[in-house]
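The block underneath contains the structure these notes are about, expressed in structure tokens.
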Amino acid sequence: MIGLKKIGVLTSGGDAPGMNPAIRAVVRKAIFHELEVYGVYGGYTGLISGNIKKLELGSVGDIIHRGGTILHSARCLEFKTKEGQQQGIEQLKAHGIEGLVVIGGDGSYRGAKALTEQGFPCVGVPGTIDNDIPGTEFTIGFDTALNTVIDAIDKIRDTATSHERTFIIEVMGRDAGDLALWAGLSGGAETILIPEEKYDMNEIATRLRKGHERGKKHSIIVVAEGVCSGVEFGKKLEEATNFDTRVSVLGHIQRGGSPTAFDRVLASRLGARAVELLLEGKGGRAVGIEQNRLVDYDIIEALGRRHTLDLDIYKLSQELSI
Ligand code: F6P
């Protein structure tokens, strides 16, 4: 944007490891281009209440390796209303902010879309462990969460082997199966349940029994939370097989921790690109990565599209877990 002087940045929705390196990239890239940057604290809730402070180079020092978000986050119902959005725009204008970088998942994008439609330029940066944002192959936080899940699966495998048990591991992902699928494949799970594909309890039980007859005494089953509760599934499976079954629900541990190198690089690239777009006068965009190249697309259109999980990976996981 010609003459752009001040931009804002916020994180919203479920936090994701890598949000801090993304904030750092936005702030440093903006200051590199002689812009002033303002941090909005507490997501859209903080935007409505005007919890906005100027950020300097030092504000983002020593955060590249930290999980969570220094700007804090929230899920804000009020921002779904026109009044809430208008209040947010007034706060931005009162601080002289002319463009906003929104780091978050689909709910955050909907907020950014609403602001854009009302004439306030926003750029979306995909930050969620769910990997469910259309227009990018990877979201910030997915890789770190995946590695957290694998670490848990590896540990559970040790005890599953010792006790000859079947383990159900429930992982996050809301309505998307990416985390379960990638974790299941890389953790060597016998069965992976994802919301994108139906499952058949009889088929799973038969497969487990066959493995048992072959001398396989333990099994790992990864269940995406969007399919059903791991506890419910564990009960049904125990009834169907009579195998000694245990359930681990990994929960919010998947959202924390130091971001992996992959997430730090991704966050740095996407955060910096978002600032470039605002400098080029291109509001109403969302950034992403496809085949290791940075891409951007219309944020309004993007939310009309669906994220698609790679079913080839699902097929592969089935072939390798015979
Ligand atoms: O969107 C990220 C996510 O961790 C989902 O995987 C999960 O369903 C949800 O957030 C949990 O939300 P909350 O932290 O509000 O309980």
> About the Cα centre of the range 85-228, what is the dipole size in debye to 20, counting +1 per Lys and Arg Cβ and -1 per Asp and Glu Cβ, all else neutral?
Replying inline: 480 debye
> Out of Val40, Ala183, Val102, whose Cα points farthest toward the positive end of the dipole of the chain (charges: +1 Lys, Arg; -1 Asp, Glu; placed on Cβ)?
Replying inline: Val40
>> What percent of all Cα-Cα pairs in the range 121-192 falls into each 10 Å bin, going from 0 up to the bin containing the maximum distance?
In response: 20, 45, 23, 9, 3, 1
>> Nearest 10 degrees is fine. How inclined is helix 261-279 to the longest principal axis of the chain, computing both from alpha carbons?
In response: 30 degrees
> Per residue of the chain, what 222 nm ellipticity follows from adding -39500 (n - 2.57) for every DSSP H run with n ≥ 4, rounded to the nearest 500?
Replying inline: -13000 deg cm²/dmol
>> Leaving out ligands, DNA and RNA, and with a 1.4 Å probe, what % of the accessible surface on the range 1-64 is carbon or sulfur?
In response: 54 percent
>> Looking at the chain, identify the longest residue range that excludes and avoids all trypsin sites (Lys or Arg not before Pro) in DSSP loops having at most 13 other Cβ atoms within 10 Å.
In response: 6-197
>> How large is the Rg to Rh ratio of the chain when both quantities use alpha carbon positions and Rh follows Kirkwood?
In response: 1.05
> Just in the range 181-253: which GluC sites (Glu not before Pro) are loop by DSSP and have at most 12 other Cβ atoms within 10 Å?
Replying inline: none
> GluC sites (Glu not before Pro) within the range 1-75: which are DSSP loop residues with at most 15 other Cβ atoms inside 10 Å?
Replying inline: Glu34, Glu56
>> Pick from Ala205, Ala286, Ala176 the residue whose mean-square fluctuation is largest in a GNM of the chain, springs joining Cα atoms under 10 Å.
In response: Ala205
>> What is the angle, in °, between the Cα long axis of helix 82-94 and the longest principal axis of the Cα atoms in the chain? Nearest 10 is fine, range 0 to 90.
In response: 50 degrees
>> How many angstrom lie between the Cα centre of the range 70-143 and the Cα centre of the range 255-322?
In response: 15 Å
> If you place +1 on the Cβ of every Lys and Arg, -1 on the Cβ of every Asp and Glu, and leave all else neutral, what size is the dipole of the range 76-159 about its Cα centre, to the nearest 20 Debye?
Replying inline: 260 debye
>> Give me a comma-separated list of calculated 3J(HN,Hα) values for the range 177-182, in order, Karplus coefficients 6.51, -1.76, 1.60 applied at θ = phi - 60°, integers in Hz, x for any Gly or Pro.
In response: x, 4, 4, 5, 5, 5
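The values are calculated or read from the model by the stated rules, or taken from the named source; none is laboratory data. Values in this document were obtained by computation on a predicted structure and should not be read as measured data. Neighbour counts are summed over all protein chains in view; Cβ atoms, including those assigned to glycine, are modelled from backbone coordinates with ideal geometry. In case anyone asks, the SASA skips ligands and DNA or RNA and just uses the protein heavy atoms, side chains included. Shrake-Rupley method; radii C 1.70, N 1.55, O 1.52, S 1.80 Å.
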